[in-house]
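J.: Can you keep this structure in mind? I'll have questions shortly.
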Amino acid sequence: MKKFCAFAIVILAVVATIVYVGSKNVTASADTEYLRIHVRANSNEQIDQSVKYIVKDEVVKFITPYAAQCVDKQTAIEVISGVLGEIEDVCDRVLRENGFTYTSRAQVRQEEFPTRVYGDVTLEAGLYDALIIELGSGTGDNWWCVIYPPLCFTAATADVEYRSIIKDIINKFFN
């Protein structure tokens, strides 16, 4: 009987490991709790595309402390909506510092997104709530990511951990 129990525990551990590793690949649809960010360049000219990334870096730095305090999507929408003017100020400052005369517009609204993969997380195509930042005419190629949960506001998406209840039980049993 002891051998059977030990064998069953080993099998459970293997299954838990498979479930744990497999659970790291997450697919979500538009009705999932995500707040995305979309930064649109003025045009596809190299200079407009280059400043888009500088603006993106500064906006991410500015938003990170706000995103870190959000516990759900609705809170994230409220917090980000409350600092839209400041987000525009950050964008406009970067644009001015780089010699651009056009300005930015920021708003939170629903936006259509294609399927996108962030590390082990796949977001299906669909209509998502998003912070939309348009630089100048906003007709150029864009950059997008996720504010809540903060997938692009961490050092790496590897910081996102998905747990297995079975693995937790096995760990408790052996510890």
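J.: Express in Å², to the nearest 10, the accessible area of Thr64 obtained by rolling a 1.4 Å probe over the protein heavy atoms while all chains stay in place.
T.: 50
J.: Computed FRET efficiency, Cβ-Cβ of Ile54 and Glu112, R0 30 Å: what is it to the nearest 0.05? Walk me through the numbers before you get to the answer.
T.: Values: r = 26 Å, r/R0 = 0.87.
The computed FRET efficiency comes out at 0.70.
J.: Could I ask something else about it? Search the structure for amide H atoms under 5 Å from the amide H of Ile37, placed 1.01 Å from N in the peptide plane, and list their residues when 5 or more places away or on another chain.
T.: Leu131, Cys145, Val146, Ile147
J.: Return the long-range amide H neighbours of Asn42 (sequence gap of 5 or more, or a different chain), with a cut-off of under 5 Å between placed amide H atoms.
T.: The answer is Leu135, Gly138, Gly140.
J.: Can you give the Rg to Rh ratio for region 56-153, taking only C-alpha atoms and Rh from Kirkwood?
T.: Details: Rg = 13.6 Å, Rh = 14.2 Å.
Rg/Rh for region 56-153 comes to 0.96.
J.: Further question on the same structure: Note down the net charge around Ile133, summing +1 for each Lys or Arg and -1 for each Asp or Glu among other residues with Cβ under 13 Å from its Cβ. Show your work: numbers first, answer last.
T.: Values: positive: Arg36, Arg40, Lys52, Lys56, Arg105, Arg109; negative: Asp57, Glu58, Glu86, Glu88, Asp89, Asp92, Glu111, Glu134.
With Lys, Arg at +1 and Asp, Glu at -1, the net is -2.
J.: Something else about it: For a protection proxy built on the mean count of beta-carbon atoms within 10 angstrom, sort 93-101, 41-49 highest first, please. Walk me through the numbers on the way to the answer.
T.: Details: 93-101: 13.3, 41-49: 15.8.
By packing density, highest mean first, the sequence is 41-49, 93-101.
J.: Using the per-residue mean of other Cβ atoms lying within 10 Å as a proxy for protection, in what order, highest first, do the peptides 122-131, 70-79 fall?
T.: Result, highest mean first: 122-131, 70-79.
J.: At R0 = 25 Å, how high is the FRET efficiency between Asp89 and Ala125 if r is their beta carbon distance? Nearest 0.05 is fine. Present the calculation step by step, with values, prior to reporting the outcome.
T.: Working: r = 32 Å, r/R0 = 1.30.
Using R0 = 25 Å, I get an efficiency of 0.15.
The values are calculated or read from the model by the stated rules, or taken from the named source; none is laboratory data. If you're wondering where the values come from, they're calculated on a predicted model, not measured in any experiment. All Cβ positions, glycine included, derive from the backbone under ideal geometry; neighbour counts span all protein chains shown. We work out accessible area using only protein heavy atoms, side chains counted, and drop any ligands, DNA or RNA first. Shrake-Rupley method; radii C 1.70, N 1.55, O 1.52, S 1.80 Å.
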